[in-house]
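Please read the structure below before turning to the comments.
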Amino acid sequence: MDFASPEAEQRYDAVTAAAPGVIVALDFDGTLSPIVDDPARARIHPDAGEVLVALARKVLAVAVVTGRPARQVLDLGGLEEVGEAVAAAGKQLYVFGQYGNERWSSSERTIVGPRPPQGLATFLRELPRVLREADAADAFVEEKGLAVAVHTRRLPDPVGAFERLLPVLRERAEAYDLTVEPGRNVVEVRSGGMDKGLVVDKLITQLDAKGFVFAGDDLGDMEAFETVAAYAGEGLPTLLVCSASDEQSALLPLADVVVDGPSGVLELLRRLTDDIPG
């Protein structure tokens, strides 16, 4: 765990002091779960449930904010069981799926979300042709209901395929008023009008948060980082945590703390829990 500056250490201290009013929000893939070739085989870090429950007892709320469908991340993370333990402690666990288009909480325990965006079905019908023309016919296509993700990780040249696909998929997505979210060897096409930054803003506003921590690893977390940084500029105690990897470095300039993947994230959360008074 590395603080980016002496000011970052001061931000950490301010967050611990404000802990009863602090929300801790975390991405899933690359932050709570290691990145794997097959998204369906991803699993939350084995220590995460215990760590999240202990942390939730000392803060205002804990949230998982992910590009995955909420149902999928609940299952892969065992988060319904985590939510039961958090609720028993009188606190809240939130899961925001598909960049905030879906919402689940440990008190309501139902997933609320919109219909699939117009144009997505047509985009999907065109996708096999688009992949063939980009010499990426064997890319893994993950349908998410409200989005589709094209993974290049399994291809012989994942980075080259990603770079070929990104502009082509962006052009086709824009034709159907869809949003493109690039990530670590994946391009996601989804409905617009929502991102992780808007989730952060809603959580802070609706829960009247007195501080905010966000941990992420990829480009899809950039809006959340920027929103948290804006609140920090207004005086809110905040902490930005980058789960670092060799594949993505875009979040590093904004991060207060840099950790080594999901294990490092959990180490930080344990330390945060221990450092909170009471």
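Out of (1) among the small types (Gly, Ala, Ser); (2) assigned to a loop (DSSP other than H, G, I, E, B); (3) surrounded by fewer than 19 Cβ atoms within 10 Å (Cβ to Cβ), what's the single condition that is false for Ala136?
So Ala136 meets the others, but not (3).
When you check Val257 against the structure, is it at pLDDT 95 or above, assigned by TED's automatic domain parsing to the domain that holds Leu55, buried (at least 17 other Cβ atoms within 10 Å of the Cβ) and closer than 16 Å to Arg11 by Cα, yes or no?
Numbers: at pLDDT 95 or above: yes; assigned by TED's automatic domain parsing to the domain that holds Leu55: yes; buried (at least 17 other Cβ atoms within 10 Å of the Cβ): yes; closer than 16 Å to Arg11 by Cα: yes.
In short, yes.
With respect to Glu174, determine if the residue is over 14 Å from the mean Cα position of the chain (by Cα) and either assigned by TED's automatic domain parsing to the domain that holds Tyr99 or more than 21 Å from Val259 (Cβ to Cβ) (or both). Outline the logic, then answer.
Details: over 14 Å from the mean Cα position of the chain (by Cα): yes; either assigned by TED's automatic domain parsing to the domain that holds Tyr99 or more than 21 Å from Val259 (Cβ to Cβ) (or both): yes.
In short, yes.
From the list Ala61, Ala89, Ala40, which one is of a type in the set (A, V, I, L, M, F, W, C) and either buried (at least 20 other Cβ atoms within 10 Å of the Cβ) or not assigned by TED's automatic domain parsing to the domain that holds Ser243 (or both)?
Working: Ala89 fails: either buried (at least 20 other Cβ atoms within 10 Å of the Cβ) or not assigned by TED's automatic domain parsing to the domain that holds Ser243 (or both); Ala40 fails: either buried (at least 20 other Cβ atoms within 10 Å of the Cβ) or not assigned by TED's automatic domain parsing to the domain that holds Ser243 (or both).
None of the other options fit; the residue is Ala61.
Give the residue that is farthest from Glu223 (Cα to Cα), with candidates limited to residues of region 45-69 that are of a type in the set (Val, Ile, Thr) and free of Cβ contacts under 8 Å to residues at least 40 places away in the same chain. Walk me through how you get there before you give the answer.
We begin by selecting, within region 45-69, every residue of a type in the set (Val, Ile, Thr); these are 51, 53, 59, 62, 64-66.
Subset that is free of Cβ contacts under 8 Å to residues at least 40 places away in the same chain: 53, 62, 64, 66.
Working: Val53: 26, Val62: 19, Val64: 15, Thr66: 12 Å.
Applying the filter and picking the extreme gives Val53.
Would you point out which residue out of Asp13, Asp47 is out of contact with any His (no Cβ under 7 Å at 6 or more places or on another chain), over 21 Å from Asp208 (Cα atoms) and of a type outside the set (A, V, I, L, M)? Spell out the reasoning first.
Details: Asp13 fails: over 21 Å from Asp208 (Cα atoms).
After ruling out the rest, the residue left standing is Asp47.
Take the residues of region 206-223 that are in contact with an Asp or Glu (Cβ under 8 Å, 6 or more places away or on another chain) and among the hydrophobic types (A, V, I, L, M, F, W, C): which is farthest from Val24 (Cα to Cα)?
Leu219
So which residues in region 98-112 are touching a residue at least 40 places away in the same chain (Cβ under 8 Å) and at negative phi, if there are any at all? So that I can check it myself, show each step before the final result.
Taking region 98-112 first, the residues touching a residue at least 40 places away in the same chain (Cβ under 8 Å) are 98-102, 111.
Within region 98-112, Asn101, Glu102, Ile111 meet the criteria.
Since Glu234 meets every condition but one in (1) over 16 Å from the mean Cα position of the chain (by Cα); (2) more than 19 Å from Pro69 (Cα to Cα); (3) at pLDDT below 95, which condition does it not meet?
The one condition Glu234 does not meet is (3).
Residues of region 1-35 being in a strand (DSSP E or B) and either free of Cβ contacts under 8 Å to residues at least 12 places away in the same chain or surrounded by 17 or more Cβ atoms within 10 Å (Cβ to Cβ) (or both), which ones? If you could, list the steps in order and put the result at the bottom.
From region 1-35, those in a strand (DSSP E or B) are 2-3, 22-26, 29, 33; that's our starting set.
Scanning region 1-35 gives Val22, Ile23, Val24, Ala25, Leu26, Asp29, Ser33.
The values are calculated or read from the model by the stated rules, or taken from the named source; none is laboratory data. Being a predicted model, the structure only gives us computed values, none of them experimental. Using ideal geometry, Cβ is built from the backbone for each residue, glycine included, and neighbour counts are taken over all protein chains shown.
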